[in-house]
Amino acid sequence: MSVTAETLCTAFRGERRLAAGDALSVARALRAALDAEPDGPPVLVFDDATGKAVDLDLRGSDEEVAWRLAPPPRGPGRPKLGVVAREVTLLPRHWDWLNAQPGGASVALRKLVDEARKGNEAKDRVRHAQEAAYRVMLELAGDRPGYEEAVRALYAADRTRFDALTADWPADQLGYVRTLAADAFAD
């Protein structure tokens with residue numbers, strides 16, 4: 001997944017949250033901070049949806065940065081519906097079954113995916129929260145005392161232990177990690 005101007009991000013400089021919001025706003029805030037203090041602590045930027053570290057290309061003018069963050073043009077498919085053509089590899093018996101379904105293979109696959117998404121929605125939400133929080137924890141707090149135990153508590157859905165193990169982390173980092181992890185502890 002590529003970062004676009006609308007991607008929600010959070011940037012840290014050292015232990016302090018520097019900026020949060022859409023990628024373009026965060027990029028502008030980063031440029032200003034780096035111009036004001038070029039030799040300051042390193043900057044890390046995270047995609048709020050995935051917890052993945054992202055690299056914002058800050059070269060050039062604000063217009064050039066915005067141009068690089070513009071969404072890529074849509075490829076083949078039905079762009080107004082958001083349909084994207086991709087390859088799926090199945091065994092012949094799978095294709096035979098799909099092609100025999102009302103509406104053909106595409107309709108049958110969409111129905112199967114929708115059913116699976118509905119059936120696993122709660123588990124997927126917990127897993128996504130755990131993965132996002134883990135990624136950020138690794139980058140921001142991987143060298144902190146109790147980090148490994150905090151990760152275990154995250155994956156065990158033990159909020160009490162997680163909160164206790166992370167209580168002395170810097171406030172900005174702690175707030176962000178707990179926000180990302182919230183769904184991992186949902187009852």
Query raised in the report: Considering only residues of the range 65-83 that are surrounded by 10 or more Cβ atoms within 10 Å (Cβ to Cβ) and over 18 Å from GLU6 (Cβ atoms), which is modelled with the highest pLDDT?
Result: VAL83
**Report entry** the range 138-171 - residue that is in contact with a Phe, Trp or Tyr (Cβ under 7 Å, 6 or more places away or on another chain) and assigned to a helix (DSSP H, G or I) and, of those, nearest to PHE12 (Cα to Cα)
**Finding:** LEU140
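This table checks each residue for (1) touching a residue at least 12 places away in the same chain (Cβ under 8 Å); (2) under 21 Å from the mean Cα position of the chain (by Cα); (3) surrounded by 13 or more Cβ atoms within 10 Å (Cβ to Cβ).
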{"residue": "ASP96", "(1), (2), (3)": "no, no, no"}
{"residue": "LEU112", "(1), (2), (3)": "no, no, no"}
{"residue": "ALA122", "(1), (2), (3)": "yes, yes, no"}
{"residue": "HIS128", "(1), (2), (3)": "yes, yes, yes"}
{"residue": "MET137", "(1), (2), (3)": "yes, yes, yes"}
{"residue": "TRP169", "(1), (2), (3)": "yes, no, yes"}
{"residue": "LEU174", "(1), (2), (3)": "no, yes, yes"}
Query raised in the report: In the range 172-187, which residues are among the small types (Gly, Ala, Ser) and closer than 24 Å to ALA11 by Cβ?
Result: GLY175, ALA181, ALA182, ALA184
Query - Residue identified as touching an Asp or Glu at 6+ places or on another chain (Cβ under 6 Å), in a helix (DSSP H, G or I) and within 21 Å of VAL3 (Cα to Cα) among ALA129, ALA133 - result: ALA129
Query - the range 30-57, residues that are of a type in the set (Gly, Ala, Ser) and either crowded, with 16+ Cβ neighbours inside 10 Å or without any contact (Cβ under 8 Å) to a residue 12 or more places away in the chain (or both) - result: ALA32, ALA33, ALA36, GLY51
Query raised in the report: Quick one: what pairs do we get from the range 5-28, first residue modelled with pLDDT of 95 or more, second aromatic (Phe, Trp, Tyr) and not in a helix (DSSP H, G or I), C-beta under 7 Å, 6+ apart or different chains?
Result: CYS9/PHE46; THR10/PHE46; LEU18/PHE12
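The values are calculated or read from the model by the stated rules, or taken from the named source; none is laboratory data. Owing to the predicted nature of the structure, the values given are computational and were not obtained by experimental measurement. Cβ: placed from backbone, ideal geometry, glycine included. Neighbour counts: every protein chain shown.
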